[in-house]
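First comes the structure, then the notes that go with it.
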Amino acid sequence: VTYQAVTNNTGNYVFRDLADDTYSATVAKSGYKTTTAVSVVVNSGTIPVTQNFAMDQADGSIEGTVKDAAYAVLGGATVTVKNAAGTTTYGTDVSDATTGEYSIAVPPGSNYSVIASKTGYQTYTYTGVSVTSAAATYKHFVLTATPGTISGTVTDGDGVAVDNVTVAVTGTSLTATT
């Protein structure tokens with residue numbers, strides 16, 4: 001048998017005339033985490049039982065997709081949610097190889113940073129992201145491939161660095177910063 005009551009405007013509730021028994025009491029409301037108290041013992045002729053509850057807001061989520069510059073799915077990217085200072089990590093997920101999707105549950109609040117990264121691609125960060133209880137906030141990423149690099153040292157036969165040497169690179173698609 002399940003009995004139900006609804007709290008009043010001050011958060012109070014009461015069940016009267018309960019039989020001697022051990023009960024479980026559960027509180028639930030949309031936007032909050034469900035909480036249960038087990039082994040609430042009621043014995044007639046004793047002091048009434050007080051069972052208080054503190055409800056926490058339900059987590060929200062930050063969700064989205066990760067794609068490359070050609071808008072192709074980019075699986076295996078790491079997406080991390082941190083506080084604005086970067087000192088607390090709330091969650092990390094790896095984008096799905098087939099869909100590029102990720103989802104991270106986080107407490108409701110604002111000023112989160114959401115960072116997407118993958119080897120061979122430039123990291124991208126959203127800042128000031130807000131999350132609402134029991135709702136999804138969507139952040140989609142498009143990561144750009146990291147430009148290729150050739151570097152080295154020019155030395156003489158004795159291993160001494162030689163300065164002012166012109167180094168040329170030949171290829172079919174050249175855009176370079178030196």
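The values are calculated or read from the model by the stated rules, or taken from the named source; none is laboratory data. Fair warning: this is a prediction, and the values are worked out from it, not measured in the lab. When we count neighbours, we look across all protein chains shown, and the Cβ atoms used for this are built from the backbone with ideal geometry, even at glycine. All accessible areas refer to the heavy atoms of the entire protein, side chains included, with ligands and DNA or RNA removed. Shrake-Rupley method; radii C 1.70, N 1.55, O 1.52, S 1.80 Å.
Annotations for the structure displayed:
- Rolling a 1.4 Å probe across the protein heavy atoms gives the chain an accessible surface of 70 Å² per residue.
- Cα→Cβ-extended label distance, 7 Å offset, between VAL40 and TYR71, nm: 5.4 nm
- Taken along the Cα-to-beta-carbon direction at a fixed 7 Å, the label points for ALA168 and THR153 span 2.6 nm.
- Centroid-to-centroid, using Cα positions, the stretch 25-53 and the stretch 91-135 are 37 Å apart.
- Pairwise Cα inverse-distance average, inverted: Kirkwood Rh of the stretch 1-94 (Å): 18.0 Å
- Protein accessible area in the chain, 1.4 Å probe - carbon and sulfur %: 48 percent
- The stretch 1-159: C-alpha gyration tensor shape, a/c 1.5 cut-off, then a/b vs b/c: prolate
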